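Right, I'll just put the structure down here and ask away after.
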Amino acid sequence: MKKVGLYFGSFNPIHSGHLIIAEHFATRTELDEVWLVVSPQNPFKNVSELAPEAHRLEMVKLAIINNPKLQACDAEFAMEKPSYSIDTLNLLSKNFPFYSFTLLIGEDNVTSFHKWKEAENILNRYAIKIFPRLHNGVRSENTLIGKNVAMTEAPIIEISSTYIRKSVKASESIRYLTPEGISDYINLHKLYR
């Protein structure tokens, strides 16, 4: 059975921090692959700041083009919006019955996890790996309890897509914050202006 980590995100845009975390799980855990699931509309985020989903997917593909352990996933594109993790997990489990899926979430999501649609169902049916994050400069306490929940050691990367969008809008450099080619893509398609 193939073990796949699901890293959900708006990836608006994808940045080096996303890739470092994805690579960490793809190469330092038992997971065979990590899929970066591009969420068209996260129920907890402001939709007006989102670049079109097709552009965000293309940037993810561009960022991981030479890494066979990372895959871009557009499973949520055909789903009702906003998309919910449990619905995506159910769809992927149905479409890939011989795959085992693990949810990868940042520590900053732990305190609001109870607000997720069918949070208990997710905890009971799927493994969850939590990677450390600084939220407002402070580490969160892991309050998620479940048979398949594990806090993992991973680099703490404090790059935000919000910072990158503000930098683009101000015509400031985003070099090294984003993978090679992403800045050119953003400029070509006039995103985040």
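All of the numbers you see were taken from the coordinates with simple rules; none came from a lab. Values in this document were obtained by computation on a predicted structure and should not be read as measured data. Methodologically, a virtual Cβ is constructed for each residue, glycine included, from the backbone with ideal geometry; neighbour enumeration extends over all protein chains shown.
State the antiparallel share, in %, of DSSP beta bridges confined to the range 2-156, rounding to the nearest 5.
10
On to the next question. Sticking with the crude label model, points 7 Å out along Cα→Cβ, report the distance from E120 to I156 in nm, one decimal please.
3.4
Using just the helices of the chain, give the 222 nm mean residue ellipticity in deg cm²/dmol: DSSP H runs with n ≥ 4 each add -39,500 (n - 2.57), and the total is spread over all residues, rounded to 500.
Rounded to the nearest 500, the figure is -8500 deg cm²/dmol.
Between L188 and D87, what is the label-to-label distance in nm when each label sits 7 Å out along the Cα-to-Cβ direction?
Here the modelled spin labels are 3.2 nm apart.
Would you kindly state how much longer the chain becomes between K61 and K94 on full extension, computed as 0.36 nm times their sequence separation minus their alpha carbon distance, in nm to one decimal?
9.5 nm
As I understand it, the value is the acute angle between the Cα axis of helix 53-63 and the longest principal axis of the Cα atoms of the chain; what does it come to in degrees, rounded to 10?
Around 90 degrees separate the two axes.
Here's a follow-up. Does anyone have the angle between helix 85-95 and the longest principal axis of the chain? Alpha-carbon axes, 0 to 90°, nearest 10?
Helix 85-95 and the main axis of the chain meet at about 70 degrees.
Follow-up. Restricting to DSSP loop positions (anything but H, G, I, E, B) with no more than 11 other Cβ atoms inside 10 Å of their own Cβ, which GluC sites (Glu not before Pro) remain in the range 27-93?
E30, E80
Past 25 Å, Cα to Cα: identify those pairs from K3/K81; K166/K190; K61/K129; K115/K190; K81/K115, in the order given.
K3/K81; K115/K190
With springs only between Cα atoms under 10 Å apart, run a GNM on the chain and tell me which of L70, L144, L134 wobbles the most.
L134
By what distance, in whole Å, do the Cα atoms of the chain stretch along each of the three principal axes, largest value first?
Taking the Cα atoms of the chain, the three principal extents are 47, 38, 31 Å.
Can you figure out the FRET efficiency of M1 with S48, using R₀ = 35 Å and their beta-carbon distance, to the nearest 0.05?
Given R0 = 35 Å and the Cβ-Cβ separation, E is 0.30.
Take peptides 110-120, 173-183 and line them up by average Cβ neighbours within 10 Å, highest first, as a rough protection proxy.
In decreasing order of mean packing, 110-120, 173-183 become 173-183, 110-120.
List the aspartates and glutamates whose Cα sits under 18 Å from the Cα of K2, skipping any in the same chain fewer than 8 residues away.
Result set, ordered by chain and number: E23, E30, D32, E33.
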